[in-house]
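The values are calculated or read from the model by the stated rules, or taken from the named source; none is laboratory data. Since the model is a prediction, treat every value here as computed from it, not as a measurement. Cβ placement follows ideal geometry from the backbone for every residue including glycine, while neighbour counts extend to all protein chains displayed.
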Amino acid sequence: QIKAFLFDLDGVIVDTAIYHYQAWKRLANELGFDISEEFNEGLKGVSRTDSLDLILAHGGLTLSDEKKTELAAQKNDWYLELVSRMSSNDILPGVATFFSQVRQAGLKTALGSVSKNAPLILERIGMTDAFEAIIDGTKISKGKPDPEVFTKGAAELGVSPAECVVFEDAVAGVEAGKRGGMFVVGLGSPDTLAQADLVAPSLESLTVETVLTACS
Ligand code: B16
Ligand code: MG
């Protein structure tokens, strides 16, 4: 029986994925190359340092650790500049309705984001209290596709992985949920998120009942 829903942040609750992409693209451009939207799919749900490594490899660059630390900080500054303008208006369509159904169904909720900026974003959109457990990039040692971010969320809620449903927009996040032994709802395209147990365009097109029926 399902007792908890675990939500990714970027691309599920808010569209910060676009801000990550803009900031990484700006960095790549300054380094003399470009990254496509398709390449960006592989960065979703991947930690800041791992993303930078993938981008540098894509541009054929090998840099010192010192330089990489500097570039990661630069990207984060640009990202924070974009995030600082966010408000509750940036919550994705369907999230509020879905969360009221979640509460009515008596399900527990946790956030599972590898972003170190997750608490700040929740604060900006006024959703800190919507989660009983918040697992972010500062609380984990391994990013997605490792399942740690979700298994820690389940543990903090006091439920087993089999009692959880994960909501994810990223290939790496869907894999993390599956490796954690959870039912995974992929939000996005069925081609990209083929590993998910159920795929929908966004939370707007789902009800809690549909999800619970699909798990049973
Ligand atoms: P930060 P999620 C992930 O968040 C993003 O999808 C990914 O693009 C980003 O690199 C990562 O967080 C780290 O974020 O640089 O803010 O620590 O999808 O797990 O909510
Ligand atoms: Mg995401």
- Task: Can you tell me which residue within segment 110-144, out of those that are of a type in the set (Ser, Thr, Tyr) and away from ligand 2 (no atom under 16 Å from the Cβ), is surrounded by the fewest Cβ atoms within 10 Å (Cβ to Cβ)?
- Result: Ser141
- Would you pick out the residues in segment 50-86 that are polar (S, T, N, Q), farther than 15 Å from Arg26 by Cβ and at pLDDT 95 or above? Thr62, Ser64, Thr69
- Task: Any chance you could count how many residues in segment 150-170 are out of contact with any Phe, Trp or Tyr (no Cβ under 6 Å at 6 or more places or on another chain), modelled with pLDDT of 95 or more, within 14 Å of ligand 1 (Cβ to nearest atom) and among the hydrophobic types (A, V, I, L, M, F, W, C)?
- Result: 1
- Query: Can you spot a residue in segment 44-55 that is more than 30 Å from Gly126 (Cβ to Cβ) and buried (at least 18 other Cβ atoms within 10 Å of the Cβ)?
  - Reply: yes
- Item | Among the residues listed as Asp53, Asp77, the single one being without any contact (Cβ under 8 Å) to a residue 24 or more places away in the chain, in a helix (DSSP H, G or I) and within 25 Å of Val174 (Cβ to Cβ) | Asp53
- Item | Residues located in segment 145-171, provided they are part of a helix (DSSP H, G or I), surrounded by 21 or more Cβ atoms within 10 Å (Cβ to Cβ) and within 16 Å of ligand 2 (Cβ to nearest atom) | Val149, Phe150, Gly153, Val171
- Query: Any residue in segment 90-105 that is within 11 Å of ligand 1 (Cβ to nearest atom) and crowded, with 19+ Cβ neighbours inside 10 Å?
  - Reply: no
